[in-house]
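Worksheet: the structure to be examined is printed underneath.
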């Protein structure tokens with residue numbers, strides 16, 4: 001879906017052809033390139049966005065602005081659960097979501113399952129700050145197929161599952177269908193919540209409806225899509241969708257958020273409340 | 001600050017050099033180009049974003065996504081005022097903000113003052129939907145210097161002033177300083193509100209503090225900065241700052257928003273409430 005080009009010396013560009021748009025960052029140099037069995041991983045030193053990881057031509061994470069994504073993939077879902085003790089992250093190889101999840105003292109164990117160890121190897125070297133909690137005794141990193149992992153998971157094994165995968169093409173494709181959501185539903189405890197990155201609403205309302213429909217058919221009782229700024233992804237605006245077995249997004253641990261024992265850059269109690277708002281075209285356009 | 005290039009046939013790019021980033025849209029053809037006494041105005045037909053207006057190399061407005069900007073420059077400020085009857089728009093030559101302001105039945109008169117008639121001429125031809133309310137009997141369009149207009153304005157003449165100008169360089173530069181805000185303060189009635197586009201928080205926290213400081217020194221009692229998606233501007237995320245002579249953003253006409261007599265694409269009551277939230281780095285970083 002994306003193609004990376006260097007139209008002129010010194011710029012990395014991601015062209016998102018279906019959206020007819022491109023985002024570019026001025027680069028100083030390429031730091032790393034490896035073709036794993038699954039995808040091509042590149043790391044650049046940019047002029048103003050710090051270090052940038054690119055997978056199969058699509059910008060994945062920059063040291064300057066990854067806080068938007070990693071905080072919003074972690075804190076809203078964890079504070080929406082009454083007691084999130086056992087967490088599974090599918091994907092998430094840059095380890096930024098893992099770091100944020102481990103900031104929560106209620107969390108007793110986190111299993112992270114990413115198919116491609118090369119992503120984490122690159123993160124360890126070029127994004128050490130994102131990996132600073134990898135050695136937390138509560139964390140386990142597995143480099144195997146997350147889809148298979150979930151089909152084999154014990155029923156009710158997790159309180160929260162976070163799907164921090166790539167776009168719904170290539171290795172990420174199998175993370176966006178009903179069979180996968182059924183595995184998640186089965187592996188979640190009765191009040192479990194699934195959270196997934198779900199692309200940008202400006203381009204992908206059809207995908208959002210497909211995802212939410214597949215979640216519903218898999219058994220989830222309620223879905224909520226929240227949005228946040230995402231400067232290096234197409235359109236600059238991104239969505240995550242929460243799927244609740246029971247309950248919904250209206251009951252969250254407000255007091256715990258107000259007294260959270262860690263610093264954030266984007267997320268706070270007011271921002272949590274703001275994630276409850278659906279833009280009007282989404283309110284009209286989400287049919288599931 | 002911005003430079004437009006066509007790095008390869010078929011793409012328009014805005015390079016935002018201070019931010020080290022660029023945004024590009026795939027284009028079908030250039031529809032219009034004129035060098036006014038103030039700036040260079042171009043209009044393109046894009047592949048996926050409809051019509052695009054570019055001023056001095058910076059993307060200004062596209063038919064696909066201008067609703068974010070125009071709704072968020074209009075409705076939050078108007079619904080924050082108890083009875084917005086007399087409105088002044090400085091800049092706003094594409095007439096999209098004017099159209100949104102005129103959707104409010106409480107508004108009795110809107111004066112729009114843009115220095116460059118060529119912008120409105122291009123909008124009339126290429127963005128007719130944004131200009132559909134230009135002949136509303138409540139609207140007056142003036143093509144003169146907005147700074148001079150305000151220095152000559154009667155004290156307390158307006159309930160709401162919306163500054164919908166370009167970046168703080170070129171013709172827009174004089175719209176970002178204390179002298180200008182003093183003119184606004186003088187021209188506003190006692191419970192008047194000033195609203196201004198104030199660039200992107202990701203790149204421009206220093207500018208935001210300067211602007212808010214200058215507003216404070218000009219006499220405004222309280223400021224609030226709100227953010228919204230802005231796909232075609234640098235970083236994809238934009239801010240508007242409201243400056244209140246009296247009162248603040250916490251008192252808004254919630255019932256009127258819930259019963260607004262017009263359709264929107266982004267704005268609604270939940271989104272209005274969401275605009276009250278400040279991201280954590282802004283809460284910490286805004287010192288005024």
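The values are calculated or read from the model by the stated rules, or taken from the named source; none is laboratory data. Please read all numbers here as calculations on a predicted model, not as lab measurements. Positions of Cβ are generated from backbone atoms using ideal geometry, with glycine treated the same way; all protein chains shown enter the neighbour counts.
A few comments on the model shown:
- Criterion violated by residue B:262 - all others in (1) at the interface with another protein chain (Cβ under 8 Å from one of its Cβ atoms); (2) in a loop (DSSP other than H, G, I, E, B) satisfied: (1)
- In the set (1) more than 14 Å from chain B (Cβ to nearest Cβ); (2) touching a helix residue (DSSP H, G or I) at 6+ places or on another chain (Cβ under 6 Å); (3) not in a loop (DSSP other than H, G, I, E, B), residue A:78 fails one condition alone, (2).
- Residue B:89 part of a strand (DSSP E or B) and under 17 Å from the mean Cα position of the chain (by Cα): yes
- Some residue of segment A:43-59 being at negative phi and within 14 Å of the chain's Cα centre (by Cα): yes
- Tallying residues that are more than 7 Å from every other protein chain (Cβ to nearest Cβ) and in contact with a strand residue (DSSP E or B) (Cβ under 8 Å, 6 or more places away or on another chain) within segment B:277-288 yields 3.
- Among (1) without any contact (Cβ under 8 Å) to a residue 40 or more places away in the chain; (2) at positive phi; (3) away from every other protein chain (no Cβ under 13 Å) - the single one residue A:92 does not satisfy: (1)
- Taking the criterion of being surrounded by 21 or more Cβ atoms within 10 Å (Cβ to Cβ) and away from every other protein chain (no Cβ under 14 Å), the residues of segment B:213-240 that qualify are B:215, B:220, B:223, B:240.
- Members of segment B:148-169 that are within 17 Å of residue B:55 (Cα to Cα) and surrounded by fewer than 16 Cβ atoms within 10 Å (Cβ to Cβ): B:169
- For segment B:20-44, a tally of residues being within 14 Å of another protein chain (Cβ to nearest Cβ) and buried (at least 16 other Cβ atoms within 10 Å of the Cβ) returns 9.
- Flag if residue A:98 is within 16 Å of residue A:162 (Cα to Cα), touching a residue at least 12 places away in the same chain (Cβ under 8 Å) and in a helix (DSSP H, G or I): yes
- Candidates A:68, A:49 - the one that is under 30 Å from residue B:204 (Cβ atoms) and part of a loop (DSSP other than H, G, I, E, B): A:49
- Single unsatisfied condition, residue B:254 versus (1) out of contact with any strand residue (DSSP E or B) (no Cβ under 7 Å at 6 or more places or on another chain); (2) within 12 Å of chain A (Cβ to nearest Cβ): (2)
- Scanning segment A:188-212 for residues that are surrounded by fewer than 22 Cβ atoms within 10 Å (Cβ to Cβ) and farther than 14 Å from residue A:226 by Cα yields A:189, A:190, A:191, A:203, A:206, A:207, A:210.
- Counting the residues of segment B:248-261 that are surrounded by 11 or more Cβ atoms within 10 Å (Cβ to Cβ) and over 27 Å from residue B:216 (Cβ atoms) gives 5.
- Taking first residues from segment A:148-175 that are assigned by TED's automatic domain parsing to the domain that holds residue A:239 and free of Cβ contacts under 8 Å to residues at least 24 places away in the same chain and partners that are surrounded by 14 or more Cβ atoms within 10 Å (Cβ to Cβ) and assigned to a helix (DSSP H, G or I), no Cβ contact under 8 Å between residues at least 6 apart in sequence or on separate chains turns up.
- Residue that is surrounded by the most Cβ atoms within 10 Å (Cβ to Cβ) [pool: residues in segment A:92-108 that are more than 19 Å from residue A:244 (Cβ to Cβ) and over 11 Å from the mean Cα position of the chain (by Cα)]: A:100
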